[in-house]
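In what follows, a structure is listed as structure tokens, so that the remarks can point back to it.
The values are calculated or read from the model by the stated rules, or taken from the named source; none is laboratory data. Because the structure is predicted, anything quoted here is derived from the model rather than measured. Backbone-built Cβ (ideal geometry, glycine too); neighbour counts: all protein chains shown. What goes into the accessible areas is simple: the full protein's heavy atoms, side chains included, and nothing from ligands, DNA or RNA. Shrake-Rupley method; radii C 1.70, N 1.55, O 1.52, S 1.80 Å.
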Amino acid sequence: MRIISRLDIKNSNLIKGINLEGLRIVGEPNKYATKYYKEGIDEIIFMDAVASLYGRNNLYEIISEASKNIFIPITVGGGIRSIDDALKAFKFGADKVAVNTAAVENKNLINLLSEKFGSQSIVVSIEAKKIKNNTWEVFTNNGRQETGLNVVDWVADCENRGAGEILLTSVDMEGTGKGFDYDLYSTVTKSTSIPLIASGGFGKPSDLSKLNNCSKIDAIAIAYAFHYNKCSLLDVRNEALKSKIKIRQLD
Amino acid sequence: MKKIVIVDYDCGNLLSLKRGIEKIGLTSEISRDQNKILNSTHLILPGVGAFGNAMDLLKKFDLENIIKKYALEMKKPLLGICLGMQLLLSKSFEFGEHEGLGIINGKVIKINHSTNSKIKVPNIGWSEIKIEKEKSFETFNNKSFYFVHSFISVTENKNETIAHCNYYDLKIPSIIKKNNVIGCQFHPEKSSKNGLRFLEYFCNSN
């Protein structure tokens with residue numbers, strides 16, 4: 001199990017919302033990223049929260065700065081719409097790019113990116129909203145735009161097109177700290193063989209064990225609970241050890 | 001004087017590697033200049049993506065024979081990272097069959113995920129490596145490194161695989177070594193302190 005810190009960025013600030021809405025400023029992104037790195041976080045995801053709305057991306061400066069001091073995998077998402085956008089992200093120090101809106105609009109983008117850069121560097125970010133029992137729909141533009149796509153079908157399609165990993169965010173639970181959408185992850189991990197990152201809802205260490213017991217999840221992304229000091233990485237790691245979940249061994 | 005060169009063939013995040021080397025107090029150059037490569041004291045062959053594409057790029061930039069000359073005739077230290085490690089071998093079965101550099105005899109094959117439903121491909125994550133041979137690597141025994149790969153490097157001579165890690169019931173070759181040539185499946189530039197220590201070890205080897 002990988003424990004990932006997710007930093008949502010607006011302009012040059014680290015921000016956090018609830019259900020991907022109502023964004024509030026938390027602080028300076030690299031201050032938080034460096035802190036998590038030093039504590040032993042496994043990976044970092046920088047996500048531009050407004051790029052896909054306005055078609056711009058302010059992340060490059062932040063990533064470039066991060067990659068001077070942070071020597072763990074960095075994923076960059078938000079506003080990646082083309083091979084050129086991805087190239088730019090890699091050039092500034094990203095190891096993986098996450099695509100969402102642009103991939104839904106042009107599914108072939110996933111094929112193009114994975115052929116060019118290899119599956120391992122292509123993450124498809126999916127925003128899922130529950131629409132009825134055991135059915136989730138794919139949304140884009142921070143949970144605002146419905147797409148008519150079923151989440152399970154879209155994950156399978158992404159896998160076939162060469163995605164290396166799926167970042168699956170529950171819009172319903174995101175920013176609430178009330179726990180994961182367990183049914184979502186239990187359902188989706190049954191039908192996919194590529195790694196899946198659960199994002200949205202983590203509020204306390206026991207949420208990790210609960211998620212691990214009901215799904216074959218590979219990683220969790222934590223934002224709210226870390227940014228607002230609801231718990232520390234050490235608390236999460238101790239929970240994992242207690243529940244015999246295999247995590248990275250720190251020195 | 002040390003001259004560390006990172007081979008630039010449009011294949012992967014080279015900036016992190018350069019910055020990792022800066023972090024350990026050394027400087028490096030990202031280059032595809034044949035003379036710079038041959039004159040380097042330590043050469044790093046990085047790489048992400050598909051094997052066939054990477055070999056095509058090495059050929060496109062006329063680097064295939066240069067790297068072989070550096071490693072096999074001049075016998076200077078060479079480190080292949082991830083796909084760069086796989087390229088050191090004779091052939092790969094990734095999307096067809098491709099000839100590699102053939103510096104170390106062996107083949108690159110897909111991770112077999114049929115034995116355990118928990119095994120996912122690509123394998124992404126941190127694993128502790130077990131050093132089985134070469135006492136000088138002992139300092140990295142049981143240390144965690146970051147892996148991201150779908151294929152593995154199997155050396156013909158088992159003594160040339162000096163470390164592995166466990167991925168459920170699979171043994172993943174993690175470091176291979178033949179004389180002056182080292183390959184690591186993990187990304188040292190992404191493996192936090194242990195990774196930087198590994199880069200330091202290579203850059204200070206003779």
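What shape does the range A:166-251 take by its C-alpha gyration tensor, where a ≥ b ≥ c are the square roots of the eigenvalues and a/c under 1.5 counts as rounded, a/b above b/c as prolate, and the rest as oblate? Don't skip to the end; give the middle numbers.
Numbers: a/c = 1.79, a/b = 1.16, b/c = 1.55.
Here the range A:166-251 falls in the oblate category.
Any of A:38/B:23; B:120/B:171; B:23/B:190; B:18/B:135 with alpha carbons more than 18 Å apart? Name them for me.
B:18/B:135
Compute the distribution of all C-alpha to C-alpha distances in the range B:4-203, in bins of 5 Å from 0, and list the percent of pairs in each, rounded to whole numbers.
Here the calculated profile for the range B:4-203 is 1, 8, 18, 22, 22, 17, 9, 3, 1, 0.
I'd like the interface area for chains A and B: accessible area of each alone minus the complex, both sides summed, 1.4 Å probe, protein heavy atoms only. What is it in Å² to the nearest 100? All intermediate terms of the calculation are to be shown ahead of the outcome.
Values: alone 10840 and 9720 Å², together 17910 Å².
Chain pair A/B: roughly 2600 Å² of buried accessible area.
Rounded to a whole number, what % of the accessible area of the protein assembly as shown do carbon and sulfur atoms account for, probe 1.4 Å?
Here carbon and sulfur together make up 47 percent of the probe-accessible area.
If you average the alpha carbon positions of the range A:68-105 and of the range A:163-184, how far apart do those two centres end up, in angstrom?
20 Å
Can you give the helix-only mean residue ellipticity at 222 nm for chain B, where every DSSP H stretch with n ≥ 4 adds -39500 (n - 2.57) and the sum goes over all residues, rounded to the nearest 500 deg cm²/dmol?
When only DSSP H runs of four or more count, the value is -6000 deg cm²/dmol.
Residues of the range B:132-174 losing 50 Å² or more of accessible area relative to the isolated chain, 1.4 Å probe, heavy atoms only?
Checking the loss per residue gives B:146.
For the range B:1-128, calculate the relative contact order in percent as a whole number, restricting contacts to Cα pairs under 8 Å that are 6 or more residues apart.
Once divided by the residue count of the range B:1-128, the mean separation gives 20 percent.
Specify the residue with the greatest mean-square fluctuation among B:75, B:178, B:18, computed from a Gaussian network of chain B linking alpha-carbon atoms under 10 Å apart.
The residue that fluctuates most here is B:75.
What is the sum of charges, Lys and Arg at +1 and Asp and Glu at -1, for the other residues whose Cβ falls under 12 Å from the Cβ of residue B:152?
Working: positive: B:107, B:110, B:171; negative: B:94.
Charge balance near residue B:152 sits at +2.
What are the trypsin sites (Lys or Arg not before Pro) within the range B:76-119 that DSSP puts in a loop, where the Cβ has at most 16 other Cβ atoms within 10 Å?
Answer in residue order: B:118.
So what is the accessible area of the range B:4-203 per residue, in Å², with the probe set to 1.4 Å?
Values: 7670 Å² over 200 residues.
I get 38 Å² per residue for this part.
Which net charge results for the neighbourhood of residue A:239, defined as the other residues with beta-carbon distances under 9 angstrom from its beta-carbon, given Lys and Arg at +1 and Asp and Glu at -1?
Combined, the nearby Lys, Arg, Asp and Glu give +1.
Less than 19 Å apart at the alpha-carbon level, and either on another chain or at least 8 residues along: which lysines does that give for residue A:10?
Answer for residue A:10, where 19 Å is the Cα cut-off: A:31, A:88, listed by chain and number.
Which of the residues in the range A:205-251 lose at least 50 Å² of accessible area when you go from the chain alone to all protein chains together (probe 1.4 Å)?
Hits at the 50 Å² cut-off: A:216, A:248, A:249, A:251.
In square angstrom, what is the accessible area per residue of the range A:2-242 with a 1.4 angstrom probe? Don't jump to the answer; show the numbers that get you there.
Values: 8860 Å² over 241 residues.
The answer is 37 Å² per residue.
Considering only C-alpha atoms, what is the centroid distance from the range B:1-19 to the range A:125-157, in Å?
Using only Cα atoms to place each centre, the spacing works out to 40 Å.
Pull up all non-local amide H partners of residue A:219: gap of 5 or more, or a different chain, and H-to-H distance under 5 Å with H placed in the peptide plane.
For residue A:219, whose amide H was placed from the backbone, the distant partners under 5 Å are A:2, A:196, A:198.
Per the Kirkwood definition applied to all pairs of different Cα atoms, how many angstroms is the hydrodynamic radius of the protein assembly as shown?
22.1 Å
Remind me, relative contact order of chain A in percent, using alpha carbon pairs under 8 angstrom and six or more residues apart?
Relative contact order of chain A: 18 percent.
Find how many whole Å separate the alpha carbon centroid of the range B:156-206 from the alpha carbon centroid of the range B:31-67.
Their Cα centres are 19 Å away from one another.
Could you work out which residue, out of B:96, B:49, B:183, moves most in a Gaussian network model of chain B, that is, has the largest mean-square fluctuation with Cα springs under 10 Å?
Checking each option, the largest mean-square fluctuation is seen for B:96.
Mind checking which lysines have their Cα closer than 20 Å to the Cα of residue A:204? Skip sequence neighbours fewer than 8 apart in that chain.
Once the sequence-local lysines are set aside, what remains near residue A:204 is A:16, A:35, A:178, A:216, A:230, A:242, A:244, A:246.
Using a cut-off of 16 Å between alpha-carbon atoms, which aspartates and glutamates can reach residue A:91, once sequence neighbours fewer than 8 places away in the same chain are excluded?
Of all the aspartates and glutamates, those that pass the test against residue A:91 - Cα under 16 Å, at least 8 places apart if same chain - are A:61, A:65, B:8, B:10, B:29, B:189.
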